[in-house]
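Chemist: I have a structure I would like to understand better, so I am pasting it below and will then ask my questions one at a time.
The values are calculated or read from the model by the stated rules, or taken from the named source; none is laboratory data. As the structure is a prediction and not an experimental result, all values here were calculated from the model. Note that we place each Cβ from the backbone using ideal geometry, even for glycine, and neighbour counts take in every protein chain shown. Note: areas computed on protein heavy atoms with side chains; ligands, DNA, RNA excluded. Shrake-Rupley method; radii C 1.70, N 1.55, O 1.52, S 1.80 Å.
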Amino acid sequence: MTLKYSLKTALKGIQVNKSRASLTILGIVIGVTAIMLVMALGEGAHQLILGQIQGLGSKTIFIAPGRQPTGPSDFAQVFSDALKERDLALLERKTNVPNATRVLPIVFGGETILYGSETHRATIFGSSEPIAAVFDVSPAEGVFFTDDDVRGRAEVAVIGSKVKKELFGDSDAVGEKVKIKGRNFKVIGVLSPKGQASLFDFDDAAFIPYTAAQQYIFGIKYFHRFVVEADSEDAVPQTVLDIEATLRESHNITGTQKNDFFMETQTDMIERLGVVTNVLTLFLGSVAAISLIVGGIGIMNIMLVSVTERTREIGLRKAVGATNKDILYQFLLEAMALTATGGAIGIALGAVLSFITAIVLSNVIAMEWKFTFPISAALLGVGVSAAVGLVFGLYPARQASRKSPIEALRYE
Amino acid sequence: MPTTERKKEMYNENINTAYPLILVRGLTKTYVNEDIETPALRDASFSVEAGEFAAIMGPSGSGKSTLLHLLGFLDRHTSGEYRFDGKTIDDYSPDEIARLRNKKMGFVFQAFNLLPRTTVLENVKLPLLYSGTKEKEWDGLARAAIESVGLSHRIMHESSQLSGGEKQRVAIARALVNDPLIIFADEPTGNLDTRSGMAVIEILQWLNNEGRTIVLITHETELAECAKRIIIMRDGKIESDSPVGNRRKAADHFSK
Ligand SMILES: Nc1ncnc2c1ncn2[C@@H]1O[C@H](COP(=O)(O)OP(=O)(O)O)[C@@H](O)[C@H]1O
Ligand SMILES: [Mg+2]
């Protein structure tokens, strides 16, 4: 039998019992919809975080104390005091790290900022002047602090737009004094709003000279991070090696001893993100796939019923010359047409739902959540649902093909 | 109408002349269901030459359908010998048997067995689907077969919209569409009133006149006498096998 006619016969078989067919494919529809949703949301989340990482700049290298966390519970080493003032000076030396254009020390932590009777908790970044350039923030009013402020341990602060709004409302902030940890800091600048374009929310932060932050706020003599900016993206790998050599020497780490610091570049982060989102998508995807299997069993069930009901049709077809293979293909195609239809509806439904979700999410988290139609998920959905039809249609189709033609002749 | 214009001699060229078209020797069929043996056909022997019109008669349960299933290679015999066109069922693979049924045999059943929610045309086309005939020829062949049973005016009707007699004529057109050597009809008039039954028999008679071999099961003597020969069965055995002395002509309702 020609494929065209086989398909026509299969579709006819489905049309005969439309409402049963639509109930039957519901499981497949739900399964494929779920896969589409999971993959679309996974991709959206991936893009969102990717955008934030890229917002950090491709030339930037983050140095943190301790060992690279290997799992989510591995926080023990994070707050060690390995990064010292001495290291900062060594990294800034051109002979040690020739490709470094900027070296930033960073101390940070959440603190409450007071202005009059207003209070607001924000992230305090203690750093040096170039942080503004590295993270691409600039004051909308006033100025950023300078190297002199850093050297002089000046109690000055540049506040994010959200901090300003929370503490000052619409009135002027520049020139006013705010209290952090009981010390008065003079507001010298207010940053223009940035939106959460990177991993940090700079709108809800205050920047102060690191010297003042170490002394008056955190009471420490070490740093939480160094950020090194290389002169080009290509120089990043070499710079990483230079930093490692410099810090190992400074920390007296030799031979096979492990580093007491670790570095992360944008590439590392993107790689790590890829692993995380892939694992997550795969996991959620397989949960969705289970519903496809359930749907497949439904298909098998209904196909078995259909084979029994159509015993006479099968016998007749055999009497007029259908081979076992013809009958097998007819019912297999019918099962696959059912699941493929379910798959197609699932893809459409999944696309619509993930589009709506993208809009809702964008509004709820006030971030730009991009809707991307997951073509790979669509193809996967079609492929998997056809495969489900093949696998779960095979048994009923075999039953059909093995029926004896004389059953059609027996009159009930 | 290719089917009507064919002459007897043309069929004889196609077939193995060393054997009769149907050769049955000591044929026995015993059904076995859950250790219960039902002997349905016992030691039957006869032959049917190409171009014959044989009627098989006998009370219900005497083994007529069983015999017809064996003749149509729809079932396998228990012992004895059956040759169709010189060959036994074991000379063929299952696919070759399907092809044989498709090309050389036509079946008409008591229950019509038309596909529901399907037009007359599509029903008649069904054997063509499995025939390897080029698709562009299907329509012409099916229409010719439908015309030969006088149903051209019903061609686009669904099978459920037809009367019993019309349904059986569609079934005959379906049996004819691949231009078979032989038509097996198992009580084709069993569900019909006398008038439509006669119309069906008349078509069979006319097909026989055109040179086609017919094996007809019926238990109405009047209809059986339209054949050239009557085989009477009882309890799975052939009781008698004799030519029809005074052959009836089916009433002239049908031919114009
Ligand atoms: N598939 C079967 N299994 C068991 N017994 C059967 C089967 N088909 C027919 N029979 C029995 O075989 C005998 C002959 O049946 P059948 O050939 O249908 O008779 P007829 O067509 O002459 O009425 C009956 O006794 C019937 O009950
Ligand atoms: Mg019978």
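Chemist: According to a simple spin-label model (label point 7 Å from Cα along Cα-to-Cβ), what is the distance in nm between A:SER58 and A:VAL16?
Modeler: Here the answer is 6.1 nm between the modelled labels.
Chemist: Under the rule of -39500 (n - 2.57) per DSSP H run of 4 or more residues, summed and divided by the residues of the protein assembly as shown, what mean residue ellipticity at 222 nm is obtained, to the nearest 500 deg cm²/dmol? Walk me through the intermediate numbers first.
Modeler: Details: 21 runs with 303 residues, N = 668.
So the helix-based figure for the protein assembly as shown works out to -14500 deg cm²/dmol.
Chemist: A follow-up question, please. Place the peptides A:110-117, B:75-82 in order of packing, highest mean first, counting for every residue the other Cβ atoms within 10 Å and averaging per peptide.
Modeler: Result, highest mean first: B:75-82, A:110-117.
Chemist: Note the full-extension length gain between A:ARG121 and A:THR101 as 0.36 nm times their separation in residues minus their Cα-Cα distance, in nm to one decimal.
Modeler: Values: separation 20, 0.36 × 20 = 7.20 nm, distance 3.29 nm.
Here the answer is 3.9 nm.
Chemist: Right, here's the next one. Show me A:294-305, A:25-36, A:274-285 ranked by packing, highest mean number of other Cβ atoms within 10 Å first.
Modeler: Numbers: A:294-305: 19.5, A:25-36: 25.4, A:274-285: 14.4.
Top to bottom by mean Cβ count within 10 Å: A:25-36, A:294-305, A:274-285.
Chemist: Please report the accessible area of A:GLU118 (heavy atoms, 1.4 Å probe, ligands and nucleic acids excluded) in Å², nearest 10.
Modeler: Looks like 80 Å² after rounding.
Chemist: Still on this structure, I have one more. Rounding to the nearest 10 and keeping the result within 0 to 90°, find how far the Cα-based axis of helix A:3-15 lies from the longest principal axis of chain A.
Modeler: Taking the Cα atoms of chain A, the angle to A:3-15 is about 90 degrees.
Chemist: Further question: What is the distance, in nm, between label points placed 7 Å from the Cα along the Cα-to-Cβ direction at A:LYS8 and at A:ARG67?
Modeler: Placing both labels 7 Å along Cα→Cβ, they lie 7.1 nm apart.
Chemist: Further question on the same structure: List the lysines whose Cα lies under 21 Å from the Cα of A:LYS258, skipping any in the same chain that are fewer than 8 positions away.
Modeler: Output for A:LYS258: A:LYS84.
Chemist: Here is a follow-up. In whole Å, how far is the Cα centre of the range B:124-199 from that of the range A:253-294?
Modeler: 68
Chemist: Please list, short to long, the whole-number percent of alpha-carbon pairs of the range A:81-259 in consecutive 10 angstrom bins beginning at zero.
Modeler: 10, 36, 32, 16, 6, 1
Chemist: Next up: Within the protein assembly as shown, what whole-number % of the accessible surface is contributed by carbon and sulfur, with the 1.4 Å probe and all protein chains included in the calculation?
Modeler: Values: 16640 of 30750 Å².
Carbon plus sulfur share of accessible area: 54 percent.
Chemist: Let's test the formula: R0 of 35 Å, r as the Cβ-Cβ distance of A:SER286 and A:GLU407. What FRET efficiency results, to the nearest 0.05?
Modeler: Values: r = 42 Å, r/R0 = 1.20.
Efficiency, from the Cβ-Cβ distance: 0.25.
Chemist: How shielded is A:11-21 by partner chains, expressed as the average number of their Cβ atoms within 10 Å of its Cβ atoms? Don't skip to the answer; put the middle values down first.
Modeler: Working: counts 0, 4, 0, 0, 1, 4, 0, 0, 0, 0, 0.
Counting Cβ atoms of other protein chains within 10 Å of each residue's Cβ and averaging gives 1.
Chemist: Here's a follow-up. Across peptide A:309-319, how many C-beta atoms of other chains are within 10 Å of each residue C-beta, on average?
Modeler: Going residue by residue through A:309-319 and averaging, the value is 5.
Chemist: Mind grabbing the interface size between B and A? I mean buried accessible area, both sides, 1.4 Å probe, in Å² to the nearest hundred. Display every interim value, and only then the final one.
Modeler: Numbers: alone 12160 and 20990 Å², together 30750 Å².
So the total buried area for this chain pair works out to about 2400 Å².
Chemist: Among the lysines, select those whose C-alpha is under 18 Å from the C-alpha of A:LYS59, and discard any that sit fewer than 8 residues away in the same chain.
Modeler: A:LYS94
Chemist: Still on this structure: For an R0 of 51 angstrom, estimate the FRET efficiency from the Cβ-Cβ distance between A:ASP81 and A:TYR395 and round to the nearest 0.05. Can you show the working numbers first?
Modeler: Numbers: r = 66 Å, r/R0 = 1.30.
Once the sixth-power term is evaluated, E becomes 0.15.
Chemist: Between A:LEU353 and A:THR254, what is 0.36 nm times their sequence separation minus the Cα-Cα distance? Round to one decimal in nm. Walk me through the intermediate numbers first.
Modeler: Details: separation 99, 0.36 × 99 = 35.64 nm, distance 5.61 nm.
Result: 30.0 nm gained on full extension.
Chemist: Given points 7 Å out from each Cα along the Cα-Cβ axis, report the A:SER192 to A:ILE297 separation in nanometres with one decimal.
Modeler: Those two pseudo-labels are separated by 6.0 nm.
Chemist: I've got another one for you. Using θ = phi - 60° and the Karplus relation 6.51 cos²θ - 1.76 cosθ + 1.60, list the HN-Hα couplings for the range A:262-276 in order, rounded to whole Hz, with x at every Gly or Pro.
Modeler: For the range A:262-276, the Karplus curve yields 9, 10, 9, 9, 4, 4, 4, 5, 5, 4, 5, 4, x, 4, 4 Hz.
Chemist: Expressed as an acute angle from 0 to 90° and rounded to the nearest 10, what is the orientation of the C-alpha long axis of helix A:375-401 relative to the principal long axis of chain A?
Modeler: 30
Chemist: Can you tell me which lysines have their Cα less than 21 Å from the Cα of A:LYS165? Leave out same-chain residues fewer than eight positions away.
Modeler: Here the lysines satisfying the reach criterion relative to A:LYS165 are A:LYS177, A:LYS179, A:LYS181, A:LYS186, A:LYS194.
Chemist: Now a separate question. I need the peptides A:266-273, A:384-391, B:227-234, A:80-87 ranked by packing, meaning the mean over residues of other C-beta atoms within 10 angstrom, with the highest value on top. Walk me through the intermediate numbers first.
Modeler: On the way: A:266-273: 15.5, A:384-391: 22.0, B:227-234: 20.1, A:80-87: 17.2.
Per-residue Cβ counts within 10 Å, averaged per peptide and sorted highest first, yield A:384-391, B:227-234, A:80-87, A:266-273.
Chemist: When Cβ neighbours within 10 Å are restricted to other protein chains, what is their mean count per residue of peptide A:320-330?
Modeler: On the way: counts 17, 17, 7, 9, 3, 3, 4, 1, 0, 0, 1.
Partner Cβ neighbours, averaged per residue: 6.
Chemist: If the protein assembly as shown were replaced by its equivalent ellipsoid, with semi-axes equal to the square roots of 5 times the Cα gyration tensor eigenvalues, what would those be, largest first, whole Å?
Modeler: Numbers: eigenvalues 1725, 121, 72 Å².
Ellipsoid half-lengths, sorted descending, are 93, 25, 19 Å.
Chemist: Name all residues of the range A:230-248 having a backbone nitrogen under 18 Å from the label point set 7 Å from the Cα of A:GLU92 along its Cα→Cβ direction, giving them as ranges.
Modeler: A:230-231, A:243, A:246-247
Chemist: Treating chain B as a set of equal point scatterers at the Cα positions, no solvent, please give the Debye-formula log₁₀ I(q)/I(0) at q = 0.10, 0.14, 0.16 Å⁻¹.
Modeler: Scattering profile of chain B, log10 relative to I(0): -0.47, -0.95, -1.25.
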